[in-house]
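Notes follow the structure.
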Amino acid sequence: MAYEPFEYDRATRLPQTENFQIYPPVNTTAITVPKAVRLTTSSNLYYTTDSLMQPYMSAVYFRKTGNGSSLTFRFLDKDSVAINPAKFSNTKWTELVHGFNMQMSATHVKYEVAYPVPLSALATKYTSGGMARVLFEYPRRGFGNSLRNGVFGFNFAIYEPGDWEIVIHFKRNLKFEND
């Protein structure tokens, strides 16, 4: 994947192009990410008892934080408060990415990985269409005591080695509580 050249704003040193946005919007440690990174899978994600979250109500941001070989997932609610990854209890964490030494905390899940991600264009349980695929899941009981498995995910590729952080930011708070 080739990167297209772009001009920098002299004051902020951030790329100035319509294909990029600033994250976090009010933080001085802003990073840039392509606008096209959105959830590609989204089902049974409720933010109220009867309102489903749509893919545009979330954004996925990538940020390089160092020169190691790790991949960290963080989840933020509408107020940019960390969501504990343990809430996504149906996620197959050991099969999420082609990585090892998974570490889960109350704010993130971190893996040691080899780059590029994905390692191969071959179809595996970690890929879809030549890209890495991640799916996050959580259960909750809906109206009438029906079990609803909330699922969301996206496809991505990272070709540059480093310590990468992937932040999934929801514009509405997910409903984890049972009805």
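A full extension of the chain between S80 and L52 corresponds to an added length of 8.1 nm, given 0.36 nm per residue minus the alpha carbon distance. The chymotrypsin sites (Phe, Trp or Tyr not before Pro) of segment 69-160 meeting both criteria, a DSSP state outside H, G, I, E and B (loop) and at most 13 other C-beta atoms within 10 angstrom of the site's C-beta, are Y159. Accessible area per residue for segment 57-128 is 51 Å², calculated with a 1.4 Å probe on protein heavy atoms, without ligands, DNA or RNA.
Among the trypsin sites (Lys or Arg not before Pro) found in segment 95-160, those both in a DSSP coil and sparsely packed, with 13 or fewer other Cβ atoms within 10 Å of their Cβ, are K125. The modelled label-to-label distance for the pair A114/K92, using points 7 Å beyond Cα in the direction of Cβ, is 2.1 nm.
Residues within the reach of a label modelled at T124 (point 7 angstrom out along Cα to beta-carbon, backbone nitrogen below 12 Å), restricted to segment 94-113, are 95-100, 113.
At full extension, T107 and S146 could sit 11.1 nm farther apart than now, given 0.36 nm per residue minus the alpha carbon distance. Taking Lys and Arg as +1 and Asp and Glu as -1, the other residues whose beta-carbon sits under 11 Å from that of E165 total +3. The phi torsions of segment 99-105, fed into the Karplus equation with coefficients 6.51, -1.76 and 1.60 and a -60° offset, translate into couplings of x, 8, 6, 5, 10, 10, 10 Hz, rounded to whole numbers, with Gly and Pro shown as x. Overall, the accessible surface of segment 40-179 at a probe of 1.4 angstrom is composed of carbon and sulfur to the extent of 50 percent.
The values are calculated or read from the model by the stated rules, or taken from the named source; none is laboratory data. Since the structure is predicted, the reported quantities are computational estimates derived from the model, not experimental observations. We place every Cβ from the backbone using ideal geometry, glycine too, and count neighbours over all the protein chains shown. For accessibility, only protein heavy atoms count, side chains too; no ligands or nucleic acids. Shrake-Rupley method; radii C 1.70, N 1.55, O 1.52, S 1.80 Å.
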